[in-house]
Amino acid sequence: MAITLEQVSYAYDDRSLWRNGALEDINLKLDQGVFAGIVGATGSGKSTLLQHFNGILKPTSGKVQVFDYILQAGEKNPPLRELRRRVGLVFQFPEHQLFEDTVEKDICFGPLNFGMSKEEAKERTSRALNMLGLDDSFLSRNPFHLSGGQMRKVAIASVLAMDPDIIVLDEPTATLDPQSRAELAELLFRLQRDLGKTVIVVTHRMEEMLPYADTWIVMKDGRKIFQGSKIELVREANTLAKSGLSLPTCITEWNQLAARFGLEHEEPCLTAGSAAVRIAKLLTNRMDKDTDPGSNSTSPDEGGEPYA
Amino acid sequence: MSGTENAYELHQVSFAYESEQSVLDGITLSIPSGSWVSLVGPNGCGKSTLAKLLGGLLAANAGEVVVEGTVLNRETIHQIRPRIGMVFQNPDNQFIGSTVEEDIAFGLEGRCLPREEMIHRVRKYGDKLEIGHLLSKHPSELSGGQKQRVAVAAILAMEPGIVIFDEASSMLDEKARGELLDIIKEMKQSGEYTIVSITHDAEEIMYSDRAIVLLDGGVAADLSPEDLFHDDALLQSCRLIAPYRIQLVRELAKLGVQVPPLQREEEVTEALWQLHLNK
């Protein structure tokens, strides 16, 4: 188990008149190597939750366990340095954390800080940058002269350069162009699939992570109101929408199709390509049936092969 | 302003922050008054720089920017600037007042309007943007979407004829983004504004009149949103992705399922169901 939360609550300004409960009684288990998506309205506690994963915040009640590190309300924290290297956190607007005068120095800062040699830090810097689709010509450039999207990529590279086991990202794709967003989602997927990293992403755009995330968590008003697989998420979609979750078109479209054509029990097709194949099959099946004089069925096709 | 006039005419406009790397190179385009134009292109293509040139925040190194018939330069900027309002990306970076009311009034104070007029406009545009109940709030009490509404109210209160949105919805959540889109639609419908929106949002581009595609500092295409989303090569090069419903209809077409042309908000499901029934 990579991350376990037991009855975790967190309040800003706890024990003051302005106590502001941000997390209420969260129980959560995330296995090592999962790709998890966290969604919920603004102010639902997503960012507060993330900051418990590497000990930036300590629960005001309950217990957080990440690997062997236990952070418990009312007890002294263990040394957190190694935990912070193993859990890389990419904050919202990571470009605000850029501070050096070249991209290379900026990305090297983390690895050097955690005691790596200069050569190793430089090698990792170049590798991390390439992973984000930026070539070595960026190394000598001033990060503040880059475009917003490029700055975002450099900032993400600086976390990847530390080679964390768990990568936690808070809204990493906001302000990137649509294809860069898709590429970043795919990069995260490769890190999870090929290198066995645990990836946790807070997102406002569910559709971007839907092809990859196998676990979904929905937050509302500081509480976890849902945790489950993609299929469960799609089935629960209408209920979740009623509690304020905005759904991407691919889910609403599939659910409409499923309701119309009676496909509720199938694996949802959440890409335009897979949904089109499924529908085309329905329509052609129907045509085949019509040529059969014995068939006058008006019920939708059942038991079609599921398409992923 | 008469409807036939162009809000913008750009002739061979170039710009560079540092002399060796030009960001915009020989841009020529025109934007008619009252239209809604999307400015699209990949990260780093010069969109935001162009927005700043259009807003008069940067001056072109070469070429000419003509705003509503007047050439933009050091002499005319003071007369042109009040015609243009800009809404930027980050809601936190454009909040000046310590309450919503103060924030909307800030620009009006700069215009030296009489107190009664300021009060009137704060109320009028506060109500229009549905933030009338938030006027006494501190920015930290607002959500990102609410802050962007305040930013739009503050801009519209100055009654500009041209409003430039520089990725104004990109930091908002799904719901707030839909709301901002509704606001822009209403602005378009009122006919009082020329709207230039820099955006990656497929939905938003679909609703605009026209898309100008910027690539490597130049205009790569100037076309209708429908044409843009049916041009794979262009989508690829400006790193856009078509709206899901268009993707679905196109994927179906590849498989030989022809869905009749859909209006923007019509449901694909219903069209397919009809097809299913009629077969």
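Only bridges with both residues in the protein assembly as shown count here: give the DSSP antiparallel percent, nearest 5.
Close to 55 percent.
Kindly identify chain A as rounded, prolate or oblate by the Cα gyration tensor criterion: order the square roots of the eigenvalues as a ≥ b ≥ c, call it rounded if a/c is under 1.5, otherwise compare a/b with b/c, prolate if a/b is larger, else oblate.
oblate
At A:Ile70 and A:Asn238, where each label point lies 7 Å from the Cα along Cα→Cβ, what is the point-to-point distance in nanometres?
Once both label points are built, they end up 4.5 nm from each other.
List the lysines whose alpha-carbon lies under 24 Å from that of B:Lys52, not counting same-chain residues fewer than 8 positions away?
Within the straight-line limit of under 24 Å, B:Lys52 reaches these lysines: A:Lys153, B:Lys147, B:Lys185, B:Lys188.
Is segment A:1-92 rounded, prolate or oblate when judged by the Cα gyration tensor, a ≥ b ≥ c being the square roots of its eigenvalues, rounded requiring a/c under 1.5 and prolate requiring a/b larger than b/c?
Oblate shape, in that a/c is at least 1.5 and b/c is the bigger or equal ratio.
Give me the summed buried accessible area for the B-A pair, 1.4 Å probe, to the nearest 100 Å².
3800
Report, by chain and number, residues whose modeled amide H sits under 5 Å from the one on B:Met86, excluding near sequence neighbours (fewer than 5 apart, same chain).
B:Ile164
Can you list the residues, at least 5 places off or on another chain, whose amide H is less than 5 Å from the amide H of B:Leu215, using H built in the peptide plane?
Counting only residues 5 or more places away or on other chains, the set is B:Ala220.
If each residue of separation counts as 0.36 nm, what is the full-extension length gain between B:Glu141 and B:His78 once their alpha-carbon separation is subtracted?
Net length gain for the segment: 19.2 nm.
To check you understand DSSP bridge types, tell me what percent of the beta bridges within segment B:126-231 (both residues inside) are antiparallel, rounded to 5.
50
Using only protein heavy atoms and a 1.4 Å probe, report how much of B:Lys188 is accessible, in Å² to the nearest 10.
Accessible surface of B:Lys188 is approximately 60 Å².
If I model a spin label at A:Ser229 and B:Glu186 as a point 7 Å from the Cα along the Cα→Cβ vector, what separation in nanometres do I get?
The modelled label-to-label distance comes out at 4.4 nm.
Can you grab the distance from the C-alpha centre of segment A:80-94 to the C-alpha centre of segment B:158-201, Å, no decimals?
One Cα centre to the other: 36 Å.
Let me know the charge dipole size of segment A:142-204 about its Cα centre in debye, to the nearest 20, where only the beta-carbon of Lys, Arg (+1) and Asp, Glu (-1) is charged.
With Lys and Arg at +1 and Asp and Glu at -1, about 60 debye.
With a 1.4 Å probe and every protein chain left in place, tell me how much accessible area A:Glu75 has, in Å² to the nearest 10.
100
Can you sort A:Thr198, A:Thr271 by solvent-accessible area, 1.4 Å probe, largest first?
Per-residue accessible area, sorted high to low, gives A:Thr271, A:Thr198.
So which residues of segment B:172-191 lose at least 20 Å² of accessible area, probe 1.4 Å, when you go from the chain by itself to every protein chain present?
B:Asp173, B:Glu174, B:Lys175, B:Arg177
Could you work out, residue by residue across A:273-284, how many beta carbons of other chains sit within 10 Å of that residue's beta carbon, and then give the average as an integer?
That average works out to 5.
Quick one: which bits of segment A:171-215 get at least 40 Å² less accessible when the partner protein chains are in, versus the chain alone, with a 1.4 Å probe?
Residues passing the criterion (a loss of at least 40 Å², heavy atoms only) are A:Thr175, A:Asp177, A:Pro178, A:Gln179, A:His204, A:Arg205.
Just how large is the dipole of segment B:147-194 about the Cα centre, in debye to the nearest 20, putting +1 at every Lys and Arg Cβ and -1 at every Asp and Glu Cβ?
60
Accessible area per residue, 1.4 Å probe, Å², for the protein assembly as shown: what's the number?
On a per-residue basis, 45 Å².
Over chain A, with a Gaussian network built from C-alpha contacts below 10 Å, which listed residue (A:Leu23, A:Leu80, A:Leu270) shows the highest mean-square fluctuation?
Largest GNM mean-square fluctuation: A:Leu80.
Using a 1.4 Å probe on the protein heavy atoms only, what accessible surface does B:Lys128 show? Give it in Å² to the nearest 10.
Its accessible surface works out to 100 Å², give or take rounding.
Take the Cβ-Cβ distance between A:Tyr12 and B:Asn61 as r, set R0 to 51 Å, and report the resulting FRET efficiency rounded to the nearest 0.05.
Between A:Tyr12 and B:Asn61 the formula returns 0.55.
Pairs A:Lys46/A:Lys197; A:Lys224/B:Lys128; A:Lys224/A:Lys281; A:Lys220/B:Lys128; A:Lys230/B:Lys175: which are spaced more than 31 Å apart, C-alpha to C-alpha?
Table pairs above 31 Å Cα-Cα are A:Lys224/B:Lys128; A:Lys224/A:Lys281.
Tabulate in residue order the Karplus-calculated ³J(HN,Hα) for segment A:124-135, using 6.51 cos²θ - 1.76 cosθ + 1.60 with θ = phi - 60°, rounded to whole Hz; enter x for Gly and Pro.
Result, rounded to whole Hz: 5, 4, 5, 5, 4, 5, 5, 4, 8, x, 10, 8.
Ignoring ligands, DNA and RNA, what percent of the 1.4 Å accessible area of chain A is carbon and sulfur?
Carbon and sulfur: 47 percent of the exposed surface of chain A.
The values are calculated or read from the model by the stated rules, or taken from the named source; none is laboratory data. As the structure is a computational prediction, the values presented were derived from the model and not from experiment. Here Cβ is always computed from backbone atoms with ideal geometry, including for glycine, and neighbour counts include all displayed protein chains. Calculation scope for accessible area: heavy atoms of the full protein, side chains included, ligands and nucleic acids excluded. Shrake-Rupley method; radii C 1.70, N 1.55, O 1.52, S 1.80 Å.
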